[in-house]
1. If you fit an axis through the alpha-carbon atoms of helix 44-61 and take the longest principal axis of the Cα set of the chain, what angle between them do you get, 0 to 90°, nearest 10?
2. Cα centroid distance between the range 1-72 and the range 153-175, in Å?
3. For the range 13-145, give the share of DSSP beta bridges that are antiparallel, in percent and rounded to the nearest 5; count only bridges with both residues there.
4. Over the chain, what is the relative contact order in percent, taking alpha-carbon pairs closer than 8 angstrom and at least six residues apart?
5. With unit charges on the beta carbon (Lys/Arg positive, Asp/Glu negative), name the residue among 156, 184, 23 whose Cα is farthest towards the positive pole of the charge dipole of the chain.
6. Below 8 Å, C-alpha to C-alpha, sequence gap of six or more: please give me the relative contact order for the range 1-99 in percent.
7. What dipole magnitude, in Debye to the nearest 20, does the chain give about its Cα centre under +1 on Lys/Arg Cβ and -1 on Asp/Glu Cβ?
8. R0 = 25 Å: FRET efficiency of residue 37 with residue 58, Cβ-based, nearest 0.05?
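Please treat every number below as a calculation from the coordinates, not as lab data. Worth saying up front: this structure is predicted, and the values here are computed from it rather than measured. Positions of Cβ are backbone-derived with ideal geometry, glycine not excepted, and every protein chain shown enters the neighbour counts.
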Amino acid sequence: MASVTRHRFTVDEYEQMIANGILSENERVELIRGEVVEKMVIGPLHIACVNRLNRLLVKQLSEAVIVSIQNPIVLEGSEPEPDVALLIPRLDFYATSKPRANDVRLVIEVSDSSLTYDREIKLPLYAEAGIQDFWIINLNDSMVEIYRQPLASGHYASRSDFSRGETLSPLAFAELTFKVNEMLG
């Protein structure tokens, strides 16, 4: 089998491709470990869940965070676009620079057809970046997977699963509770 060398893009090169019109800001792609990757098609259940999360989080955390929906965060060699990111508030709303890992309080990926991708590709990326609180809204199994205590190895030391009827809290806002039923619909 022939060996192929891939060219990996830096975050700066990726952003230049967007700035120069090589990639459109509206294209369904993201930079993952230096590769421009097409994002999966979003179905109606996924859309509804993201919209529901947006409403719940804004309602509960209105002034405490910026609720960022499907917008990029800059990590080492990557610029993923999580379904939801809770960001530390900034007066400029991140107009002067995109959020980085230390700006993030919680990342949420809504998963149905993307479940394997979110677990095998996105989870290690977020763990390596030190994202403290990562949730997967697992639509296939009607549950929320919560990952905490990121390790440099690309794993999380802690995983907890929450099913319908249970409540959960973001790590940064332990006083708030959310019902799994509200998130799943």
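1. 60
2. Each part reduced to its Cα centre gives a spacing of 23 Å.
3. Within the range 13-145, antiparallel bridges account for around 75 percent of the total.
4. Normalised by residue count, the contact order of the chain is 15 percent.
5. Most positive-ward Cα: 184.
6. 25
7. Using Cβ point charges on Lys, Arg, Asp and Glu, the chain gives about 300 debye.
8. Working: r = 29 Å, r/R0 = 1.15.
That pair, residue 37 with residue 58, gives E of 0.30.
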